[in-house]
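Q: Structure provided below as structure tokens; questions to follow.
The values are calculated or read from the model by the stated rules, or taken from the named source; none is laboratory data. All of these numbers come straight from a predicted model, not from anything done at the bench. Every residue, glycine among them, receives a Cβ derived from its backbone with ideal geometry; neighbour counts consider all protein chains shown. Only protein heavy atoms, including side chains, enter the accessible area calculation; ligands, DNA and RNA are left aside. Shrake-Rupley method; radii C 1.70, N 1.55, O 1.52, S 1.80 Å.
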Amino acid sequence: MDTASVTGRFAPSPSGHMHMGNLLAMLLAWLDARALGGRMILRMEDLDPVRTRPEYAAAIADDLAWLGLDWDEGWPDPAYCQSRRTSYYEEAFRALEAKGLVYPCWCSRAQRLAAANAPHPGEAVHDPRCRCASLSPSERAARIAAGRLPAWKVRVPDETVTIRDGHYGVYAENLAREGGDFIIRRADGVYAYQLAVSVDDMRMGVTRVVRGRDLLSSAPRQAWLIRTLGGTPPEYCHLPLLISGREKLSKRLGSQSTQAFHQSWDPRELVGHLACLAGLLPAPEPVSPRQLTDRFDWDKVPREDISME
Ligand code: GLU
């Protein structure tokens with residue numbers, strides 16, 4: 001690997017305070033890039049104007065700095081905030097449209113969810129395309145004239161896309177049969193996660209994507225989008241989720257947000273605790289992220305989810 005060009009990223013959504021699961025993902029993303037001598041980018045995924053807030057972005061950046069996870073470029077430069085990158089998403093949207101891969105979709109959320117559910121577990125999934133894909137130009141024009149704003153979907157091929165995940169190994173999905181066409185622009189004009197993240201990883205020269213395994217199934221879609229847009233997909237490394245009891249840690253567990261940790265933890269103790277959960281230390285001890293780079297090894301990180309009990 002050409003380590004000089006290794007580029008990792010933190011890509012938090014500033015829709016709340018970070019919890020332990022986010023911090024673990026950030027620590028491993030940082031260690032993965034730094035252990036290879038690479039750079040780090042901090043990109044704020046603040047696409048959704050309703051769910052995200054600038055004060056959360058500032059709090060997340062503070063948390064990272066407090067833990068000793070530094071970055072070489074990114075926030076607060078607005079060029080690294082997704083809300084300011086619409087022209088790039090627009091360009092990619094037009095490029096996909098020019099290839100005949102985009103169509104407007106008027107399905108309701110309920111229809112989309114129903115279509116995404118296989119009739120019985122294990123049975124072949126729904127038609128990859130919804131009925132909107134086969135509307136005639138005049139039918140589309142009539143809906144638009146009636147003031148009904150569509151979402152926009154990308155037409156996926158009946159093709160199995162395989163990625164080699166750095167932690168979970170070979171992972172393959174047939175895009176048409178598992179998931180089908182997906183939305184790249186919402187009816188309110190906001191570009192969707194899959195398009196934005198693919199365009200950003202491509203344009204920012206990201207070579208290593210480290211994140212929770214709940215996004216593993218997005219990787220084939222993103223790799224396909226990036227290739228279709230003429231880029232080279234990054235390497236993906238997913239990590240196990242931190243679970244509390246039987247639940248994945250989410251932002252709902254507000255009491256475990258880093259705001260509370262700031263009062264009760266020394267940052268080096270918290271890094272040691274996270275490193276122990278990730279299998280990098282036999283027992284928790286105060287440590288800086290920098291001190292962990294030598295012993296960072298994906299083989300030590302468990303593949304099964306990590307219980308916080
Ligand atoms: N912004 C996403 C999140 O906070 C992560 C996206 C990604 O890493 O691809 O869940």
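Q: Check the cysteines of the chain one by one and keep only those with no other cysteine Cβ under 4.7 Å from their own.
A: So, CYS81, CYS107, CYS130, CYS237, CYS276.
Q: Within region 49-74, whose backbone N sits under 16 Å from a point 7 Å along Cα→Cβ of GLU269?
A: 67
Q: Once you've got the GNM for the chain with C-alpha springs shorter than 10 Å, pick whichever of SER217, SER13, SER134 has the biggest mean-square fluctuation.
A: Among SER217, SER13, SER134, the largest GNM mean-square fluctuation belongs to SER134.
Q: Determine the gain in length on full extension of the stretch LYS300-ASP188; use 0.36 nm per residue of separation and subtract their C-alpha separation, reporting nm with one decimal.
A: Taking LYS300 through ASP188 to full extension adds about 35.9 nm, to one decimal.
Q: Assuming R0 = 41 Å, can you tell me the calculated FRET efficiency for the pair ALA146 and ASP214, based on Cβ-Cβ distance, to the nearest 0.05?
A: According to the calculation, E is roughly 0.60.
Q: Moving on to the next point. Placing +1 on the Cβ of each Lys and Arg and -1 on the Cβ of each Asp and Glu in the chain, which of THR207, PRO137, CYS81 has its Cα farthest towards the positive end of the resulting dipole?
A: PRO137
Q: Say each of ALA58 and ARG164 gets a label point 7 Å from the Cα, pointing the same way as Cα to Cβ; how far apart are those two points in nm?
A: Taking the two extended label points, one gets 4.5 nm.
Q: Of ILE163, ILE226, ILE243, which has the largest mean-square fluctuation in a 10 Å C-alpha GNM of the chain?
A: Checking each option, the largest mean-square fluctuation is seen for ILE243.
Q: Please compute the per residue accessible area over the chain with all protein chains in place, 1.4 Å probe, rounded to a whole number of Å².
A: Roughly 47 Å² per residue, with all protein chains present.
Q: Next up: Ignoring ligands, DNA and RNA, please state the percent of accessible area on region 168-220 from carbon and sulfur, probe 1.4 Å.
A: Within region 168-220, the accessible surface is 53 percent carbon and sulfur.
Q: Please check which bits of region 150-190 a label hung off SER15 would reach, taking the label as a point 7 Å along Cα-to-C-beta and the cut-off as backbone N under 15 Å.
A: From region 150-190, the list is 186, 190.
Q: Contact order normalised by length for the chain, with contacts defined as Cα pairs under 8 Å and 6 or more residues apart; what percent is it?
A: Once normalised by length, the contact order is 21 percent.
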